[in-house]
Amino acid sequence: MFSKRLLSTIGRRTIRYKARRDPVQIRFAEPPVHYAGPVAFGLTACAGAFVVSAVIYDRNQVSFWERLRQFGGMRGGGPYSRTVTMDDYIAERQVWMQEKWERLRRRVEQLDFLPQDLVRAYVMVEEKILSLSEAEKTLWSLIGINVAIFGCWQIPRLMPFMMKWFTHNPAVPGRSITMITSVFSHQEGFHLALNMVGLYSFGMVIHQHMGREQFVASYLATGIGANVVSHVLSLATRRFRPVMPGLGASGAIYGLLAGTAVLYPHSSVSLIFLPFIPIKMGYALPAMMGFDLAGILLGWRRFDHYAHLAGASIGLAYMTYGEKYLWRPLVQDVHQIRKNRS
């Protein structure tokens, strides 16, 4: 069940630049605005995330059901048959774990030349990894990617590279790839910590509901989709709001928050600015979306409010309609294509 107290104020940051004041004002021609290319790239990336995840899901399902057949629980059928018994599933899991432990034992035997303390530490780490659930493995992998990119931000020599390729600036053409890379990019430790707490807390709930492949696809698509919306609206309102580069996973995290609110609207969450007052998810999400709407109307520039609202909206839409009208038909189509080719 969803935990009672979670951090939920997660912000996709915008980066400000300080410009020198010139005694002479020079007007430059306004650079051309690019909508079609970045939008097409972003939507293609979202579609690609789902297609690749569906292919992996189908392959894993076929492999899983092939393993189950070894235990005599199936007589024909296929990867979408429901004739398997719980005993078959338990037996398959037990054999799978035994194989994992046997591989670990063989690796340890090959490390007998190392000091015992080092081998013991290695075994402890491997045992911890083996004991992780599928959701924990997925979430810790995503957290690891974010932490690694954060580490790159801390290297001064890499700063120009990171600024160029790990922040998304709608005003700069030809860098649509940053709509993907910026989803994993955090420059400040506090920003990273807040988003990763949100990723683990809300991600655990959504992952358990969706499964690994659908979770990864929806997480990536929500983050990229939020950047696409932010890109378009930032350029459309550039006469009223300065266009600044942004980074952070909060568009995707807002999607997870919205999905959790759909699944468990009566569960409680604690906002960081009201840590001692638990608020039901059904109320917390509208409050946070209202905060971001106010940020847009009042011209606040600390966070990318467009990305926040877009991420929450995508999360609400996908959790309500996505699995039924997108994921399941896509998986069935992928399976049928694979079956016709085999």
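The values are calculated or read from the model by the stated rules, or taken from the named source; none is laboratory data. Since we're looking at a predicted model, the values are computed, not measured. No Cβ is skipped: glycine too gets one built from the backbone with ideal geometry, and neighbour counts run over all protein chains shown.
Odds and ends about this structure:
- When residues in region 168-188 are screened for being within 13 Å of Phe150 (Cβ to Cβ) and over 16 Å from the mean Cα position of the chain (by Cα), 2 of them pass.
- Any hit, region 266-283, residues being over 21 Å from the mean Cα position of the chain (by Cα), assigned to a loop (DSSP other than H, G, I, E, B), surrounded by 18 or more Cβ atoms within 10 Å (Cβ to Cβ) and of a type in the set (Gly, Ala, Ser): yes
- Under the condition of being in a helix (DSSP H, G or I), out of contact with any Ser or Thr (no Cβ under 7 Å at 6 or more places or on another chain) and among the β-branched types (Val, Ile, Thr), the residues counted in region 149-204 number 4.
- Leu104 touching a Lys or Arg at 6+ places or on another chain (Cβ under 8 Å), within 29 Å of Ser63 (Cα to Cα), at pLDDT below 90 and assigned to a helix (DSSP H, G or I): no
- Long-range neighbours under 8 Å by Cβ, at least six apart or interchain, first residue within 15 Å of His308 (Cβ to Cβ) and among the aromatic types (Phe, Trp, Tyr) within region 220-237, second at pLDDT below 95 and buried (at least 22 other Cβ atoms within 10 Å of the Cβ): none
- Close pairs (6 angstrom Cβ cut-off, 6 or more residues apart or separate chains): under 23 Å from Leu233 (Cβ atoms) in region 306-334, crowded, with 20+ Cβ neighbours inside 10 Å and among the charged types (D, E, K, R) anywhere: Ala307/Arg12; His308/Asp292; Leu309/Asp292
- Complete set of residues in region 130-140 that are surrounded by 11 or more Cβ atoms within 10 Å (Cβ to Cβ) and in a helix (DSSP H, G or I): Leu130, Glu134, Ala135, Glu136, Lys137, Thr138, Leu139, Trp140
- Filter result for Ala252 (under 17 Å from the mean Cα position of the chain (by Cα), touching a residue at least 24 places away in the same chain (Cβ under 8 Å), over 20 Å from Phe150 (Cα atoms) and part of a helix (DSSP H, G or I)): no
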